[in-house]
Each structure stands twice: as structure tokens, then as C-alpha cells.
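*Asks:* Before anything else, here's the structure in question.
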Amino acid sequence: MAGVEIRRVVKQYGRVEVLHGVDLSVRDGEFTVLVGPSGCGKSTLLRMIAGLEGITGGEIAIDGTVVNDMPPRERDIAMVFQDYALYPHKSVYDNMGFGLRMRGAAKSEIETLVHEAADILQIRHLLQRRPGQLSGGQRQRVAMGRAIVRRPKVFLFDEPLSNLDAQLRAEMRVEIKKLHQRFGTTIVYVTHDQIEAMTLADRIAIMKDGYLQQYGSPDEVYNRPANRFVASFIGAPPMNMTPASVSADARMIRLPSGMDVTPRGANLSACAGRDIVIGLRPEHVSLGDDPARTPVAGKVELVEPLGSETQATVRVGDARFTGRFSPEAGLKHGQDVTLGLALDRAHFFDAETGEAIRLAA
């Protein structure tokens, strides 16, 4: 096992800079997920760790050794790709053992390691088939098995589940989590799916436009987002965002359309006299006049029944709040309702910079 250090890493294509001095430290044995929208630079960074992309500036170190000029084969990493990258003319067994043969491993060692990995991934019965005879989920297991048999210092995963349907993605997430728990190998995993990030990661690195926005545990990025982008990107449904202003004495919040509300349970002294954006998770929006929450009147605009819960969007003046409600509430489009906003659980962001404003306790 080994840690990965990314120090002020820059990547340019010609005059275009796509990574802007990224700093990231992945601990030995840690499962780190790089997440962000398409084009944010996460896959480019992963390929730089692997040695498949050159480094314009900065350093990347694996197990304490700077690998900037080291070819991929010498980095002791194994990579699992989005498109599986299997040899179509070779059997599953030969695909899984190919890397070991190239390293000169003995036939008996290859057989032992391939069978062990096949048992872990429950694909021993597929060893004599070719990739064209397998489902997408089976191909991804083979690709993972090919990585496992090498016993690398670091596993790299580049959106490995994006080609699978929803049920298979959920199943493979469990398998990948089990593999990490079993082997404890350092993993750097790229995805655009924030659910994958939250369920798999020890720590999440959230990227946007080639910049690292926040690096922390799933709890940290969800409950203490560094800025408005992180708050909006992590969580489904997304966090409600509402522009507002706070009175000079911090006792009143003015919502869009001039609606004034008195916050209950929130110390807004850090926001006094400022234009802000209020961020409120859907689970912190309730129905009815809860004494612990700030009441606002609104009209239901959208109802989405999901079986165990109903997601509904309520218009409050020019603002909109989406919440999770009980199906028994029987919400209907156009219905007048009172919402309770848990402003003591809200996040507050500077209206200009988008950076989080930390409130006093």
C-alpha cells in the first residue's frame, strides 16, 4: 500500500490550462473519490497519476517517490477503465492473467492469483468465456479482477460504473466497497455521480473548472460545504438556494419579493447587514407551523411521488423550496401550505463570492 501526494499540479494543453495548481494528499489505504461535473479535470488528474498524461507543473508522488518522469509500468498502479479495456479475442482467464505474464510470473502463480480473484468476484464460472459473451456487469468484474491480481500499491478507477444500469451500479458499488475493506489498498476513484462519491469514499475531492473546491469526509462536504458550488453539487435533491439580505441588527431576513421573516434558532450576527444566499437541505423543510422553525406561506408548484416519500416544490414569493414529505400529506399542485424552515440548520453564503459564512454558535 502507498499514499499519493499531488503537489501544486498544473496541466496545460497548448496555452489552455485545465488544472490550476491542485494540492491533494491521499493517505495510505484511503479510498478517495474525485468528483465533479464533466470537464472539471478529474479524469485528467487520474490519468496523470497513472502516467498516461504528462505533468506541466508540480509533482505527483506515490509511496514517497516522485513519479513525474516515471513510465506507467514502473508506478505499481492498476487502473480500471470506464470501457473495461478487455482483449476481445482472449478468454476471461487470459485477460486477468495477462499483466502477470508480461511481468514474468510463473504459470502456477498466475493460476493461483486469477482463481483467487475470480472467487472474490464470483466469476470463476466465466473464466473460459470471451468478453463478447459477458454482460456489462460481468465485464467490469473481469476488469476489476485483472487489477486485483497484480496486487498494486494503488488502484485507480476511472468512472467504472457509468456504463451500467442503475441496479448493476448499486450492486457494483457494494462489491468495490467490499474489495477495499478486504485488501485495504489505496484507491483513487473518479466519478461524476455524487451518490457513488458519498457511499464509497473515506474522503471526497470536489472539483470544478480545474480547481479543487473542497476535500473532506462525506459528512464534512455534506454538512459543512466550503462554498455554494459544493453545497449545490452534493445532495439529492440539491440544496435549496435563496438570495436574501440580513438586517443590520441580524434579527430579520428579507427574502425575494420583500418578504421578511424572523429566524428562529439561528445566530446571524456574522451576516448582519449583508446580502447573502441561504442554503437549506430538503430534509430541513417541513409542513406546518413548527415552533422551532421559521414559518413561511407558499403554494405547491410541483409534486413528485416516490413511494416512501413525496418530494414537492413550494413557491414562497419569488423563492422556491423543495422538501421531502410524507405521502400521507396528500400534497396537490396549487395547494396553499405553510412551510417550516429550519434556519438553524441552514447554510449561509456570501452573495458575491459564494464562500460559506460560518455562524457563531
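*Asks:* How big is the equivalent ellipsoid of the range 211-353 along its three axes, where each semi-axis is √(5λ) from the Cα gyration tensor, reported in whole Å from largest to smallest?
*Replies:* The three semi-axes for the range 211-353 are 24, 20, 13 Å.
*Asks:* Sticking with this one: Given R₀ = 41 Å, what would the calculated FRET efficiency be for residue 102 paired with residue 224, taking r from the Cβ atoms and rounding to 0.05?
*Replies:* 0.35
*Asks:* Please report the carbon-and-sulfur percent of the accessible area for the chain; probe 1.4 Å, protein heavy atoms only, DNA, RNA and ligands left out.
*Replies:* That fraction is 47 percent.
*Asks:* I need two numbers for the range 155-263: Rg to one decimal and Dmax as a whole number, Cα atoms only, in Å.
*Replies:* Cα radius of gyration and Dmax of the range 155-263 are 18.6, 57 Å respectively.
*Asks:* Follow-up. Measuring from label point to label point, each 7 Å out along Cα→Cβ, what is the residue 275 to residue 10 span in nm?
*Replies:* 3.4 nm
*Asks:* If you keep only loop residues by DSSP, which chymotrypsin sites (Phe, Trp or Tyr not before Pro) in the range 31-93 have at most 16 other Cβ atoms within 10 Å of their Cβ?
*Replies:* Of the chymotrypsin sites (Phe, Trp or Tyr not before Pro), the ones in loops of the range 31-93 whose Cβ has at most 16 other Cβ atoms within 10 Å are 81.
*Asks:* Over the chain, with a Gaussian network built from C-alpha contacts below 10 Å, which listed residue (97, 64, 51) shows the highest mean-square fluctuation?
*Replies:* Among 97, 64, 51, the largest mean-square fluctuation in the Gaussian network model of the chain belongs to 64.
*Asks:* With every protein chain left in place, what is the accessible area per residue of the range 58-183 in square angstrom, probe 1.4 Å?
*Replies:* 50 Å²
*Asks:* Quick check for you: with a 1.4 Å probe and neighbouring chains kept, what is the accessible area per residue of the range 211-361, in Å²?
*Replies:* 47 Å²
*Asks:* Then there's this: Which residue fluctuates most in the GNM of the chain (Cα springs below 10 Å): 181, 167, 138?
*Replies:* 167
*Asks:* Please work out whether the range 301-361 counts as rounded, prolate or oblate from its C-alpha gyration tensor, where a ≥ b ≥ c are the square roots of the eigenvalues and a/c under 1.5 means rounded, while otherwise a/b larger than b/c means prolate and anything else oblate?
*Replies:* Since a/c reaches 1.5 and a/b is larger than b/c, the shape of the range 301-361 is classed as prolate.
*Asks:* While we're here: Kindly work out what percent of the DSSP beta bridges joining two residues of the chain are antiparallel, to the nearest 5.
*Replies:* 75 percent
*Asks:* If you bin every alpha carbon distance in the range 1-88 into 10 Å steps from zero, what whole percent lands in each bin?
*Replies:* Answer for the range 1-88: a P(r) of 16, 50, 30, 4 percent.
*Asks:* Around residue 100, under 14 Å between beta carbons, what's the net of Lys plus Arg minus Asp minus Glu among the other residues?
*Replies:* Charge balance in the 14 Å sphere: +3.
*Asks:* Right, here's the next one. Name the shape class, rounded, prolate or oblate, that the alpha-carbon gyration tensor gives for the range 124-207, where a ≥ b ≥ c are the square roots of its eigenvalues, rounded holds for a/c under 1.5, and otherwise prolate holds if a/b is larger than b/c and oblate otherwise.
*Replies:* oblate
*Asks:* Tally Lys/Arg at +1 and Asp/Glu at -1 over every other residue whose Cβ is under 14 Å from the Cβ of residue 38; what's the total?
*Replies:* My count for the surroundings of residue 38 gives -2.
*Asks:* Based on the Cα gyration tensor of the range 87-135, what are the three equivalent ellipsoid semi-axes, each the root of five times an eigenvalue, rounded to whole Å and given largest first?
*Replies:* After scaling each eigenvalue by five and taking roots: 18, 14, 7 Å.
*Asks:* Right, another one. With a cut-off of 17 Å, note down the residues of the range 206-238 whose backbone N falls inside the zone around a label point 7 Å from the Cα of residue 352 toward its beta carbon.
*Replies:* 228
*Asks:* Report the label-to-label distance for residue 83 and residue 178 in nanometres (one decimal), using points 7 Å from each Cα along the Cα→Cβ vector.
*Replies:* If labels sit at residue 83 and residue 178, their model points lie 3.0 nm apart.
*Asks:* Next up: ³J(HN,Hα) across the range 165-170 via Karplus (A = 6.51, B = -1.76, C = 1.60, θ = phi - 60°), whole Hz, x for Gly/Pro?
*Replies:* Each residue of the range 165-170 in turn: 6, 4, 5, 5, 4, 5 Hz.
*Asks:* If you don't mind, there's one more thing I want to ask. Rounded, prolate or oblate, given the Cα gyration tensor of the chain, with a/c below 1.5 counting as rounded?
*Replies:* prolate
*Asks:* Going down the table (90/153; 11/178; 42/177; 177/208), which pairs top 24 Å between alpha carbons?
*Replies:* 90/153; 11/178; 177/208
*Asks:* Please give the Cα centre distance for the range 90-139 versus the range 202-270, rounded to the nearest Å.
*Replies:* Taking the Cα centre of the range 202-270 as reference, the centre of the range 90-139 is 48 Å away.
*Asks:* Suppose we flag trypsin sites (Lys or Arg not before Pro) only when DSSP calls them loop and at most 16 other Cβ atoms lie within 10 Å. Which is the longest uninterrupted stretch of the chain?
*Replies:* In the chain, the maximal stretch lacking such sites is 130-250.
*Asks:* Which whole-number percent is the relative contact order of the chain (Cα, under 8 Å, 6+ apart)?
*Replies:* Taking the mean separation of contacting Cα pairs over the length of the chain, I get 16 percent.
*Asks:* Just to be sure I understand: with springs between alpha-carbon atoms less than 10 Å apart, which residue in 187, 110, 60 has the highest mean-square fluctuation in the Gaussian network model of the chain?
*Replies:* With Cα springs under 10 Å in the chain, the top fluctuation among 187, 110, 60 is at 110.
*Asks:* When the Kirkwood hydrodynamic radius is evaluated over all pairs of different C-alpha atoms of the range 251-327, what value in angstrom, to one decimal, is obtained?
*Replies:* 13.7 Å
The values are calculated or read from the model by the stated rules, or taken from the named source; none is laboratory data. Small disclaimer: the values here were computed from a predicted structure and weren't measured. Heads up, the Cβs are rebuilt from the backbone with ideal geometry, glycines too, and the neighbour counts pull from every protein chain shown. These accessible areas exclude ligands, DNA and RNA; they are computed on the full protein's heavy atoms, side chains included. Shrake-Rupley method; radii C 1.70, N 1.55, O 1.52, S 1.80 Å.
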